[in-house]
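Taking it in order: structure first as structure tokens, then the write-up.
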Amino acid sequence: MGKQIQLQDAAYILKAGWKLFSRRTSLETLQKDKQYREFIRHNEAAGRNNVSDEGKRVYAVATDEGVLFFSDSGKGMKTRNSYLQHLADSFFNFSKGVETLKLYEMEIPSRQVMELADNSIDKLAKSDLRNAGTQLRKSEFSFTKEKMAGKEMLEGAVCTDKYDLRPDYNNFDRLTKEFNLGISPRNYDVASLLYISENGYAGHVVADYFHPFSYEYEFRDLAEKLDDSIKARQSAPMSLHDFGYAALQMEAKVMARDILQSEFHITDGEFRLSGKANRTSQRTKTPEKCLFQQSKEPEPEKSGCQAAKHVSSVVPQKKEKKQLII
């Protein structure tokens, strides 16, 4: 008897562009693939036609502004991703009022919660359900506070992840990378400046074809001097002298911090105006799971979500170059 494969497995493998029979597409390997598990789970959810609305899973996204619920369906996931894109677009806005994002799952939501699911959609375009995109494109939707529920509606929900939304490069990089979110030109500029302020100037920042760096001119002289310094070090590999490299990188960091403060009001990972932070908070660590309990009073989180760590500063002695990945 020849090799056999489940129909839904074959559908996933062909969609991913892989060969049907290979080590990569063995059942054991597929079961370790997060996207495969999501694919199977959504197929199973779509086939449960005899299950009442109160038995379907619901996802929730909670911020300081409130809670939005999303159904476990293609429509719900695209709506949730559109909301995450909305948060990414406003990530570096001084006037935004959110610092923390938490994701929840509810296995057995109440009917009231089910009625709130996907209420962000004002008018659904059927083309959004047919296309292969991960967000809503043609539909009309909004994420106003009027559509958000209170956190008391999260009773029984399980917290699956937490994201720090304060203006930090690593926070922004994690959010946009994990959900494959788009990056606006302004956000690319701010993220690049944050990267430079921590790690020093890197040539690939201005070489990004899809996201041109608007502050290339301000760093042009420094970039040329850094290039000369690197060439001098390469021509004298036995020399212990860094030919001014460290001093130039420190100058680049200071310049980036000055631009961040003067034009975007960002200092040390906080929004600040006139030398004062517009909010104060401390970094917390992420629990793998946390059960929301309605009866307990809110307490300061002793072990919240894992704060994104800053990448270490650029060290000229190392051969490897840091890459700005957004």
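The values are calculated or read from the model by the stated rules, or taken from the named source; none is laboratory data. Just so it is clear, the model here is predicted, and its values are computed rather than measured. Backbone-built Cβ (ideal geometry, glycine too); neighbour counts: all protein chains shown.
Based on what the data block shows, is ASP173 outside the structural domain of ALA256 (by TED's automatic domain parsing) and either over 21 Å from ASP64 (Cβ atoms) or among the acidic types (Asp, Glu) (or both)?
no
Considering only residues of the range 187-216 that are part of a loop (DSSP other than H, G, I, E, B), aromatic (Phe, Trp, Tyr) and at pLDDT 90 or above, which is nearest to ILE230 (Cα to Cα)?
So the residue we want is TYR201.
Could you check the range 180-191 and list, in sequence order, the residues that are of a type outside the set (Ser, Thr, Tyr), surrounded by 15 or more Cβ atoms within 10 Å (Cβ to Cβ) and in contact with a His (Cβ under 7 Å, 6 or more places away or on another chain)?
Result: ILE183, single match.
Determine, yes or no, whether ASN171 is under 30 Å from VAL61 (Cβ atoms) and surrounded by 19 or more Cβ atoms within 10 Å (Cβ to Cβ).
yes
Exactly one condition in (1) surrounded by 18 or more Cβ atoms within 10 Å (Cβ to Cβ); (2) in a helix (DSSP H, G or I) is false for LYS177; which is it?
With respect to (1) surrounded by 18 or more Cβ atoms within 10 Å (Cβ to Cβ); (2) in a helix (DSSP H, G or I), LYS177 is out only on (1).
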